[in-house]
Amino acid sequence: MRFAYSLLIRFVAIILPLLARFNAKLQRFVEGRKSVWQTLEKGLQGHQKTLWFHAASLGEYEQGLPVMEALKAKYPEYTFVLTFFSPSGYEVRKNNPVADLTVYLPLDTPENARRFLQTVQPEMAFFIKYEFWPNYLNQLRQQAIPTYLISGVFRPNQVFFKVYGGFYRKALRTFSHFFVQNDLSKTLLQSIGIKAISVSGDTRFDRVNTVLQRDNTLDFMEEFTQDATVIVIGSSWPKDEELLANYINEAPKNLKFVLAPHNIKSEQLDAFVALLKHPSVRYSQRDTLSLQDYSILIVDTVGLLTKIYAYADIAYVGGGFGYPGVHNVLEPATFGIPIVVGPHYDHFAEATALVHLGGCVSISNELELKTILDTWVANTLERKEKGKLCATFVQKNTGATEQIVSYITTNNKPTLTHEKM
């Protein structure tokens, strides 16, 4: 099975450059990997102590960041190598302040796995939530490198728990320890003979909780919002925007809307603007137009959404009309903001919990959207009570990072000998 899998990956490596000619994202995927070896070899010269973190994309990076930051503070003499699989993660966080080297992960061939580990020589490896690359994991096991999964989530329908999933179960058994988010994940892993498991929770709660400790002021938001009630639409997709357009068009003058879409492609932004009856202003126009004169602000850049939520009275989090579903609800929740999402949210434990608590409401059509938004706009007390449920939920679920780092430092002292005093 390993031979067939490796053959498939080699075939993919051959055809990807051909397919990349017709797809911009694939082109970034291919082009970005061309300089990986040179970047690693040059960047690691003279560095003997390394730790390796791998994130599939941006969401996984945010999930692993609290652990990276905690270990960086504890072991500053180590070189931190961060790899991404997806361009959407790498392009946004390639200049992050935590990792010393950030590169794409070479495709999972046996040759790449051996060369990568020979080049990086990590003393420990961390995979974040998802992505299990059998050849990399096999090489990590062969070289006796402690390997951990951070904030893992497992479900009964995954291939590991099927009769035909033996090859992937074998890959899972290479991990030294699993830090999982819930008891179901632990039970599923135990059902296939894995015992080294800790239910530590989700590190994203720690990540979003730290947001409250920083300065979230944005001058352009101060100018735009004034004293109005503000609805922030975060990580939206076209389906979300179509649903919201009528409500925005009919909204009273005391309401202001901020749209920060998942994709900032001009064609998607133009399509949304075409649905609007009132003038809108874009973030890129902030220096040439008076933001306070507009009721609709479109954020045509990335990296600002978390701070923008600090100005929201109500948040609509997009993605809930697609698959796998709604985007990050914890970012607005930590600010104590009530949240509206689409119908597809049960793939995410935190969204499901918030819906159950009542701090988040799921809608399926325009009437349901209008009903909940009108209620929260008119009833400030109810809005604040629902928001408080969200903030309390985040606070009660922090602590995963501390548990993970405590386990790692306790069980790897023979290797990590230079603790920061």
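The values are calculated or read from the model by the stated rules, or taken from the named source; none is laboratory data. Here the structure is a predicted model, which means the values were calculated and not measured. A quick note on method: Cβ atoms are made from the backbone with ideal geometry, for glycine too, and the neighbour counts reach across all protein chains shown. The protein model used for the area step is the full one, side chains on, heavy atoms only, and it has no ligands, DNA or RNA in it. Shrake-Rupley method; radii C 1.70, N 1.55, O 1.52, S 1.80 Å.
Listed values, structure above:
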| quantity | calculated |
| --- | --- |
| Hits in the stretch 277-289 (condition: out of contact with any helix residue (DSSP H, G or I) (no Cβ under 9 Å at 6 or more places or on another chain) and either outside any loop (DSSP other than H, G, I, E, B) or at pLDDT 95 or above (or both)) | Ser284 |
| Options Leu389, Leu381: the member that is in a helix (DSSP H, G or I) and over 23 Å from Gln181 (Cα atoms) | Leu381 |
| Residue under evaluation Ala274, criteria (1) assigned to a helix (DSSP H, G or I); (2) open to solvent by 30 Å² or more (accessible area, probe 1.4 Å); (3) in contact (Cβ under 8 Å) with a residue 24 or more places away in the chain, criterion not met | (3) |
| Verdict on Lys256 being under 28 Å from the mean Cα position of the chain (by Cα), surrounded by 20 or more Cβ atoms within 10 Å (Cβ to Cβ) and either without any contact (Cβ under 8 Å) to a residue 24 or more places away in the chain or not in a loop (DSSP other than H, G, I, E, B) (or both) | yes |
| Residue match in the stretch 236-244 (condition: out of contact with any helix residue (DSSP H, G or I) (no Cβ under 9 Å at 6 or more places or on another chain), in the same structural domain as Pro338 (by the TED database) and outside any strand (DSSP E or B)) | yes |
| Set Val232, Val302, Val211: member being assigned by the TED database to the domain that holds Thr334, touching a residue at least 24 places away in the same chain (Cβ under 8 Å), aliphatic (A, V, I, L, M) and open to solvent by less than 20 Å² (accessible area, probe 1.4 Å) | Val232 |
| Some residue of the stretch 313-322 being more than 15 Å from Trp237 (Cβ to Cβ), open to solvent by 30 Å² or more (accessible area, probe 1.4 Å) and modelled with pLDDT of 95 or more | yes |
| Criterion violated by Glu223 - all others in (1) assigned to a helix (DSSP H, G or I); (2) touching a residue at least 40 places away in the same chain (Cβ under 8 Å); (3) open to solvent by less than 60 Å² (accessible area, probe 1.4 Å) satisfied | (3) |
| Conditions (1) among the small types (Gly, Ala, Ser); (2) in the same structural domain as Ala251 (by the TED database); (3) without any contact (Cβ under 8 Å) to a residue 60 or more places away in the chain; (4) under 27 Å from Arg93 (Cα atoms): number failed by Gly359 | (4) |
| Considering residues of the stretch 369-411 that are of a type in the set (Phe, Trp, Tyr) and within 30 Å of Ala70 (Cβ to Cβ) only, the residue farthest from the chain's Cα centre (by Cα) | Tyr407 |
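Here is a yes/no grid of residues against (1) surrounded by 18 or more Cβ atoms within 10 Å (Cβ to Cβ); (2) within 30 Å of Gly399 (Cα to Cα); (3) in contact with a strand residue (DSSP E or B) (Cβ under 9 Å, 6 or more places away or on another chain):
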{"position": "Ile128", "(1), (2), (3)": "yes, yes, yes"}
{"position": "Trp133", "(1), (2), (3)": "yes, yes, yes"}
{"position": "Gln139", "(1), (2), (3)": "yes, no, no"}
{"position": "Thr147", "(1), (2), (3)": "yes, yes, yes"}
{"position": "Pro156", "(1), (2), (3)": "no, yes, no"}
{"position": "Lys162", "(1), (2), (3)": "no, no, no"}
{"position": "Gly166", "(1), (2), (3)": "no, no, no"}
{"position": "Arg173", "(1), (2), (3)": "no, yes, no"}
